[in-house]
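Read the structure below first, then the notes.
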Amino acid sequence: MALTVLFADNTQKEAWASGIRWTIDALIAATPPQRHRLEVCRHDQLAERLPQLKPDVLVVNAPSSWRSLLSFRRLKAPIRLLVEHHYCEGFALHMQHRYGKPLARLEWMLRLSYRSFDRVVAVSRGQAEWMRRRSLVKAERLATVCTSREVHEFEALALPEPHAGPLVLGALGRFSEQKGFDLLLEAMRRLDPAQVQLRLGGGGDEEEALRRAAADLPHVSFSGVITDLPAFFAGIDALVVPSRWEPFGNVALEAKASGRPVLVTQVDGLTEQASGCGLIATAGPGELAGAIAQLIRCGPEQRRAWGEEGRRQAGLAWPTYVETWLQLLDDLEAGRSGMKQ
């Protein structure tokens with residue numbers, strides 16, 4: 001018997017269609033109605049939608065906090081799931097090292113929050129491993145569904161061709177501490193402009209500081225907020241994701257689908273995305289500069305091979321995401337039916 005599933009999202013659709021809501025809408029479109037009935041609403045609409053729809057499963061995409069503990073417990077549905085888009089090991093360690101935030105307090109809050117749900121869904125294998133290792137949720141209540149999105153528009157791009165002049169790197173995202181663009185600019189300072197250029201796309205609170213940091217870097221340019229992702233990827237040879245923490249990192253998946261090799265930092269869900277299709281570096285200026293230099297030295301044939309493998313992986317990611325979600329819902333339905341017998 002099909003389940004009625006309500007996804008609650010606390011974000012708005014993003015201009016470049018990489019956001020949580022976009023992914024939920026695409027998952028709904030990809031789900032056969034005879035298998036499960038999926039709907040979505042904003043988190044602030046739950047008080048109205050829950051009694052109207054009476055879903056079998058409620059899927060929450062909101063961040064945990066001390067303030068949210070009581071509101072989570074008040075959510076009424078036979079089966080409740082929390083998708084953990086927000087917290088990961090890299091975030092916890094950064095808060096501890098940079099701001100002196102004790103790990104124990106954060107982890108205790110997460111344990112209390114996760115107890116309000118029948119399942120907690122990790123968005124990457126790295127995040128799930130952290131949850132298990134820190135005993136944040138019992139193993140039998142933890143599921144892993146690696147985040148994805150449809151990538152047809154990226155797969156249509158031609159692979160980069162060898163060209164004269166410097167290697168063109170791209171980086172893209174919110175201009176925030178998390179994304180580590182300040183580290184990338186310091187790395188670019190150590191590299192020869194004749195060998196490499198960086199196109200930095202996005203916007204946010206740190207834009208002014210980043211522009212000041214890049215003012216004397218002739219090989220760095222700002223592309224503004226990107227509304228046409230395929231066009232951005234078409235203009236670069238490889239993507240750098242220098243994040244300090246990243247539960248998954250959809251932009252790496254998009255670059256892979258575009259046939260571009262990726263250079264990512266060794267944090268959380270990013271690490272698993274570079275397997276066989278790029279390089280991994282510690283989140284620091286020197287380490288990033290060294291990895292970029294290696295990316296330059298490896299040559300166009302190796303970069304093309306990484307691009308081809310990345311595209312193959314990305315092509316499998318979305319159907320795997322959809323089927324993993326549907327299998328999780330099937331398992332929940334089987335468990336519910338077993339309890340009724």
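Considering S221, S243, which residue is over 24 Å from R304 (Cβ atoms) and within 18 Å of the chain's Cα centre (by Cα)?
Step by step, each of S221, S243 is checked, and only S243 is over 24 Å from R304 (Cβ atoms) and within 18 Å of the chain's Cα centre (by Cα).
Check the range 19-28 and report whether any residue there is in a loop (DSSP other than H, G, I, E, B), at pLDDT below 95 and in contact with a Lys or Arg (Cβ under 7 Å, 6 or more places away or on another chain).
yes
Within the range 175-256, which strands (runs of 3 or more DSSP E) (wholly inside it) include 2 or more residues that are over 27 Å from R149 (Cβ atoms)?
Passing ranges, in order: 196-203.
Would you check which residues across the range 168-190 are of a type outside the set (K, R), surrounded by fewer than 22 Cβ atoms within 10 Å (Cβ to Cβ) and over 18 Å from F91 (Cα atoms) and list them?
V168, E186
Is it the case that R336 is basic (K, R) and over 24 Å from V59 (Cα atoms)?
Criteria not met by R336.
Going residue by residue through the range 143-152, is there one that turns out to be more than 17 Å from F248 (Cβ to Cβ), touching a residue at least 24 places away in the same chain (Cβ under 8 Å) and within 22 Å of the chain's Cα centre (by Cα)?
Scanning the range 143-152 turns up no residue that is more than 17 Å from F248 (Cβ to Cβ), touching a residue at least 24 places away in the same chain (Cβ under 8 Å) and within 22 Å of the chain's Cα centre (by Cα).
If we keep just the residues of the range 291-318 that are closer than 23 Å to F154 by Cα and among the hydrophobic types (A, V, I, L, M, F, W, C), which is surrounded by the fewest Cβ atoms within 10 Å (Cβ to Cβ)?
Within the range 291-318, the match that is surrounded by the fewest Cβ atoms within 10 Å (Cβ to Cβ) is L316.
Okay, residues lined up against (1) without any contact (Cβ under 8 Å) to a residue 40 or more places away in the chain; (2) more than 30 Å from A92 (Cα to Cα); (3) buried (at least 21 other Cβ atoms within 10 Å of the Cβ):
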site: I236; (1), (2), (3): no, yes, yes
site: V240; (1), (2), (3): no, no, yes
site: E246; (1), (2), (3): no, no, yes
site: T265; (1), (2), (3): no, no, yes
site: G269; (1), (2), (3): no, no, yes
site: G276; (1), (2), (3): yes, no, no
site: A283; (1), (2), (3): no, no, yes
site: A289; (1), (2), (3): no, no, no
site: T320; (1), (2), (3): no, no, no
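Given the range 51-144, what helices (runs of 4 or more DSSP H) lie entirely inside it while holding 3 or more residues that are of a type in the set (A, V, I, L, M)?
Here the list reads 89-99, 103-114.
The values are calculated or read from the model by the stated rules, or taken from the named source; none is laboratory data. Just so you know, these numbers come straight off a predicted model, no measurement behind them. Ideal geometry is used to build each Cβ from the backbone, glycine not excepted, and the neighbour counts take in all protein chains shown.
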